[in-house]
Amino acid sequence: MSKRANALADRLEQGARALVETAKALTDEEWTTRLPGDGRPIGVVVHHVGSMYPLEIQLAKQLAQGNAIVGVTWSAVHEINATHAREHAGVTKAEALAHLERESAAAASAIRALSDAELDRAAPISLNADAPLTCQFMLEDHAVRHSWHHLAAIRRALAERERPVRLVG
């Protein structure tokens, strides 16, 4: 097993665990809090992270084989996210947490199966202006970072809920 691949998988698992632990502690009201600037409820976002791991891993494996990623645009990403939000609007905490735990474990396992040569392989990525980027970059920028990114947004949203409103005047 590649030490680098194992370290990447460990970081993905660490982020997923942090997201799971935060989500477990949420009240029902907090679970349905909408993220500022995003609009999706926290629960939907927790489920979303798990839902994106298979796609993120599939794309990383494409790069690991030296194949370019074409046709992936931010517009397509936003549409995937919007469709997911509509389809999973009523997701329960138990469903979302089980999904996130299952999919993060599968993603970590897939990452651990990559060799250093595969992590180093680069090809153009349409989402990044067709820059030739490595499989490792794709993993770090997407699958590994994903839970951390949304965890930070969730923490900000919860902190905003707790701030008292100050009236001016």
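The values are calculated or read from the model by the stated rules, or taken from the named source; none is laboratory data. Computed from a predicted structure; not experimentally measured. Here the Cβ is made from the backbone with ideal geometry for all residues, glycine too, and neighbour counts use every protein chain on show.
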Only one of ALA85, ALA110, ALA89, ALA129 is out of contact with any Asp or Glu (no Cβ under 9 Å at 6 or more places or on another chain), farther than 23 Å from ARG11 by Cβ, of a type in the set (A, V, I, L, M) and buried (at least 16 other Cβ atoms within 10 Å of the Cβ), namely ALA85
Looking for whichever is within 15 Å of LYS61 (Cβ to Cβ) and small (Gly, Ala, Ser) here; the options are ALA105, ALA110, ALA157, ALA98. Which one fits?
-> ALA110
Collect the residues in the range 68-85 that are hydrophobic (A, V, I, L, M, F, W, C), touching a residue at least 40 places away in the same chain (Cβ under 8 Å) and out of contact with any Ser or Thr (no Cβ under 8 Å at 6 or more places or on another chain), keeping them in residue-number order.
-> TRP74, VAL77, ALA85
Over the range 74-103, the set of residues over 23 Å from THR22 (Cα atoms) and either in contact with a helix residue (DSSP H, G or I) (Cβ under 9 Å, 6 or more places away or on another chain) or outside any helix (DSSP H, G or I) (or both) is TRP74, ALA76, VAL77, ILE80
Output for the range 13-35, where each listed residue is under 26 Å from ILE57 (Cα atoms), surrounded by 14 or more Cβ atoms within 10 Å (Cβ to Cβ) and in contact with a Lys or Arg (Cβ under 9 Å, 6 or more places away or on another chain) | GLY15, THR22, ALA23, LEU35
So, first residue in a loop (DSSP other than H, G, I, E, B) in the range 22-38, second residue modelled with pLDDT under 95 and basic (Lys, Arg), Cβ within less than 9 Å, six or more apart or across chains; the pairs are THR33/ARG161; LEU35/ARG156; PRO36/ARG156
